[in-house]
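Chemist: Once you've had a glance at the structure underneath, I'll fire off some questions.
The values are calculated or read from the model by the stated rules, or taken from the named source; none is laboratory data. The shown structure was predicted, so the numbers you read here are calculated from the model rather than taken from an experiment. Positions of Cβ are generated from backbone atoms using ideal geometry, with glycine treated the same way; all protein chains shown enter the neighbour counts.
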Amino acid sequence: MDKRELRAQAMALPLSPGVYLMKDKNGTIIYVGKAKQLKNRVSQYFGSDTGHSPKVRRMVSLVDTFDYIVADSEFEALVLECSLIKQHSPKYNILLKDDKGYRYIRVTPPPFSRISEAKQKQEDGATYYGPYMSSFGIRQAIDEAGRVFGLSTCNRTLVYGRRPAATERPCLNHHIGQCCAPCTGKVTEQEYAERVQNALDFILQGSSAMIASLEQRMTAAAEALDFERAADLRDRIAAIRRINDRQKVVMSRVPEQDVMAAVSSGDRVCAEVFRFVGGSLTDKEEFIWDEAENTPAFRTELISRYYSSRDRIPPQITVDGEVEDADLLERWLSDKAGRRVRILQPQIGQQAQLAEMCRKNAAEYLARQTGMSGRETAALDELARLLDLPQPPHRIECYDISNTAGSDNVAGMVVYLDGRPAKAEYRLFKIRSIIGQDDYGSMREVISRRILEYEAHRGEDGGFGQLPDLILLDGGNEHVSAVKPLLDAAGWTVPLYGLVKDDKHRTRAIAHGGGETAIRSNRACFTLLSSIQEEVHRFAIGYHRRSRSKSNIRTTLTAIDGIGPTRAKELLRVFGSVKAIGRASVEQLLTVRGMTRPAAEAVVRAFRDQPD
């Protein structure tokens, strides 16, 4: 069925809440959505695709027919949508692939046992504990236990036959107090076995029970005058307490909650979930989607999909951005949990800090998948949110004008690709049409030439043949207003903003549409925008200084009778500098192409008459 027929059918739908099911030519459901008004929502798919994302356009191109179910309310439509998505797993809905599975704690046979994480039980003679759902919690507990009790984590062979290897030199872990160095033979099998058992007790029983047990043993050792043993136990207790203190950095004042955050990079989105129980971070999960958009609708679908497949729903869910239909979602979650559930979007305080920490972890995870750094991913995602861009900008172009009282007018263009300067893409402009001090006119000339270069090189890889995702101007709203009509006339829909500096020449705000958005210095995008503005200023002023220097040199020469721009250029090419020209004789000057004897004599006289 073609798009016109589908739109005609959509226009016949009722203006009622409900659920719609998009199907391909095989009758397979490829997307399930809910609507406040079925007619308005479904007809949007089959009208103009200008505002659609690539993912939506691809989905619509596969739709052969659609079905719908009318609901009594928006809430009923939400419940029905969640049920149908769980039942059919449509290709174009957000689906969470939970491949974590169960985890076990694996302890190798003595002597010198090792503790590690395992996905499956094996018939290898090791002892297994579990299963456990949280791989994050298991890894964290094993790492902490290893540090507290000084267990070996390297790949060295700890025994040869049945005797400890006494010839090894201890590694760095021993020198920083995180390994008892059994490879040196200083620790007996019995002593190391005790450390392993203590580590297991720490993992299985928790730090509080372990501290109580160690304190009892420390007191008994002191009473028996075994002060060396008591001191060793005291140090282990202190190590456990230091770990607990470090964990408080990521503790929540809310006893039980989940924190969700998402970042974008290109057409990929990564969502991170922190799970807090008893105020402590007990688990975390990451999910990545291709061709997704980090929008309020995305967060709504993420939350509904995540809790559709989980029995545990905390009383509070903290998110890092706006959630579409948050009231309906809270009601659905509360009904599912059997108690009140709140969705919180904090702006300040500890909850905002937890959301930011969650978002940075998502950025780091996504960076490992894309090859970018976590800092760049976070900065571009934050910039997209600040400027309300559909996705983080891949190619950013920034422009700056430089002159001295209107003379030697030049401009520079710097390019950042995925948050990094791409110096091969930088370009310089010598202003041709503007005479005197007119930064706005100069900026209009530069952007006009950029548009013409794009048309001449359209489709080429790199350079002017690529359309930017974001244009920044070193200036305020006046610069933006001067340039915007040129982009509109060319049909460019590229976002355009100005970078405003404070009295100390530091980036303080972004100019747009007659207003300004202040940038906090603690934001990741502040660092990115500041570096871009400093780089374009450095690039433009460097070119201006070179141009002014050449202009001054040529002015010195062309002031001499008989020396015009052509002869001045040739003299500089042969002698290399004005100083060398001034030291040359008439005969040496005559060797320059185009020079005459009267002109050469005039040059010699001009430099001879100059004061020392």
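Chemist: Quick one: which of Ile553, Ile510 is at pLDDT below 80 and β-branched (Val, Ile, Thr)?
Modeler: Exactly one of Ile553, Ile510 is at pLDDT below 80 and β-branched (Val, Ile, Thr), namely Ile553.
Chemist: Can you report the number of residues in the stretch 1-17 which are touching a residue at least 60 places away in the same chain (Cβ under 8 Å) and touching a Phe, Trp or Tyr at 6+ places or on another chain (Cβ under 6 Å)?
Modeler: Count: 1.
Chemist: Could I ask something else about it? Inside the stretch 573-587, can you point out the residues that are aliphatic (A, V, I, L, M) and in a helix (DSSP H, G or I)?
Modeler: Val574, Val578, Ala580, Ile581, Val586
Chemist: Listed residues Leu389, Leu380; which is part of a loop (DSSP other than H, G, I, E, B) and touching a helix residue (DSSP H, G or I) at 6+ places or on another chain (Cβ under 9 Å)?
Modeler: Answer to the selection: Leu389.
Chemist: When you check Pro296 against the structure, is it at pLDDT 90 or above, under 21 Å from Gln345 (Cα atoms), surrounded by fewer than 18 Cβ atoms within 10 Å (Cβ to Cβ) and not assigned by TED's automatic domain parsing to the domain that holds Arg139, yes or no?
Modeler: In short, no.
Chemist: For the stretch 315-331, name all the residues that are touching a helix residue (DSSP H, G or I) at 6+ places or on another chain (Cβ under 8 Å) and either under 13 Å from Val259 (Cα atoms) or in contact (Cβ under 8 Å) with a residue 40 or more places away in the chain (or both).
Modeler: Once the filter is applied, which keeps residues that are touching a helix residue (DSSP H, G or I) at 6+ places or on another chain (Cβ under 8 Å) and either under 13 Å from Val259 (Cα atoms) or in contact (Cβ under 8 Å) with a residue 40 or more places away in the chain (or both), the stretch 315-331 yields Pro315, Ile317, Thr318, Val319, Asp320, Gly321, Asp325, Leu328, Leu329, Arg331.
Chemist: Okay, moving on. Quickly run through the stretch 52-97 and pick out the residues that are closer than 18 Å to Thr300 by Cα, outside any helix (DSSP H, G or I) and aromatic (Phe, Trp, Tyr).
Modeler: Scanning the stretch 52-97 gives a single hit, Tyr92.
Chemist: Something else about it: Name every residue in the stretch 505-526 that is among the aliphatic types (A, V, I, L, M) and in contact with a helix residue (DSSP H, G or I) (Cβ under 6 Å, 6 or more places away or on another chain), in order of residue number.
Modeler: The answer is Ala511, Ile519, Ala524.
Chemist: Related question: Of Gly491, Gly513, which residue is surrounded by fewer than 20 Cβ atoms within 10 Å (Cβ to Cβ), of a type in the set (Gly, Ala, Ser) and closer than 22 Å to Ala384 by Cβ?
Modeler: Only one candidate qualifies: Gly513.
Chemist: In addition: Residue check: is Ile471 buried (at least 17 other Cβ atoms within 10 Å of the Cβ), under 28 Å from Arg508 (Cα atoms) and within 24 Å of the chain's Cα centre (by Cα)?
Modeler: Yes.
Results for (1) modelled with pLDDT under 85; (2) touching a strand residue (DSSP E or B) at 6+ places or on another chain (Cβ under 6 Å), shown as yes or no for each residue.
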site: Leu499; (1), (2): no, yes
site: Thr517; (1), (2): yes, yes
site: Ser549; (1), (2): yes, no
site: Val586; (1), (2): no, no
site: Leu590; (1), (2): no, no
site: Ala600; (1), (2): no, no
site: Ala606; (1), (2): yes, no
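Chemist: So Phe202 clears everything in (1) surrounded by 17 or more Cβ atoms within 10 Å (Cβ to Cβ); (2) modelled with pLDDT of 80 or more; (3) under 30 Å from Gln120 (Cα atoms) except one condition, right? Which one?
Modeler: All conditions pass for Phe202, except number (2).
Chemist: Name the residue, out of Arg305, Arg368, that is in contact with a helix residue (DSSP H, G or I) (Cβ under 9 Å, 6 or more places away or on another chain), free of Cβ contacts under 8 Å to residues at least 60 places away in the same chain, assigned to a helix (DSSP H, G or I) and farther than 14 Å from Gln257 by Cβ.
Modeler: Arg368
Chemist: Do the conditions hold for Asp461, that is, is it modelled with pLDDT under 80 and not hydroxyl-bearing (Ser, Thr, Tyr)?
Modeler: Judged against the criteria, Asp461 is a match.
Chemist: Name the one entry in Arg253, Arg242, Arg236, Arg246 that is closer than 30 Å to Leu214 by Cα, modelled with pLDDT under 80, among the charged types (D, E, K, R) and in a loop (DSSP other than H, G, I, E, B).
Modeler: Of the residues listed, the single one that is closer than 30 Å to Leu214 by Cα, modelled with pLDDT under 80, among the charged types (D, E, K, R) and in a loop (DSSP other than H, G, I, E, B) is Arg253.
Chemist: Mind checking which residues of the stretch 436-446 are part of a helix (DSSP H, G or I) and more than 14 Å from Asp474 (Cβ to Cβ)?
Modeler: The answer is Gly441, Arg444, Glu445.
Chemist: Scan the stretch 101-109 and tell me whether some residue there is at pLDDT below 85, surrounded by fewer than 16 Cβ atoms within 10 Å (Cβ to Cβ) and not small (Gly, Ala, Ser).
Modeler: yes
Chemist: Still on this structure: Val19 fails exactly one of the following numbered conditions: (1) of a type outside the set (Ser, Thr, Tyr); (2) part of a helix (DSSP H, G or I); (3) within 18 Å of Glu301 (Cβ to Cβ); (4) over 33 Å from the mean Cα position of the chain (by Cα). What is the number of that condition?
Modeler: (2)
Chemist: I've got another one for you. Among the candidates Arg331, Arg310, single out the residue that is outside any strand (DSSP E or B), more than 30 Å from Asp469 (Cα to Cα) and in contact with a Phe, Trp or Tyr (Cβ under 7 Å, 6 or more places away or on another chain).
Modeler: Only one candidate passes the filter, namely Arg331.
Chemist: Could you list all residues from the stretch 317-339 that are buried (at least 19 other Cβ atoms within 10 Å of the Cβ) and either of a type in the set (S, T, N, Q) or assigned by TED's automatic domain parsing to the domain that holds Ser73 (or both)?
Modeler: Hit for the stretch 317-339 is Thr318, nothing else.
Chemist: Something else about it: Suppose we filter Leu354, Leu302, Leu281 for residues that are buried (at least 16 other Cβ atoms within 10 Å of the Cβ) and modelled with pLDDT under 85; which single one remains?
Modeler: Just one listed residue meets the conditions, Leu281.
Chemist: Taking Ser433 as the residue in question, decide whether it is outside the structural domain of Phe276 (by TED's automatic domain parsing) and either under 22 Å from Trp289 (Cα atoms) or not in a helix (DSSP H, G or I) (or both).
Modeler: yes
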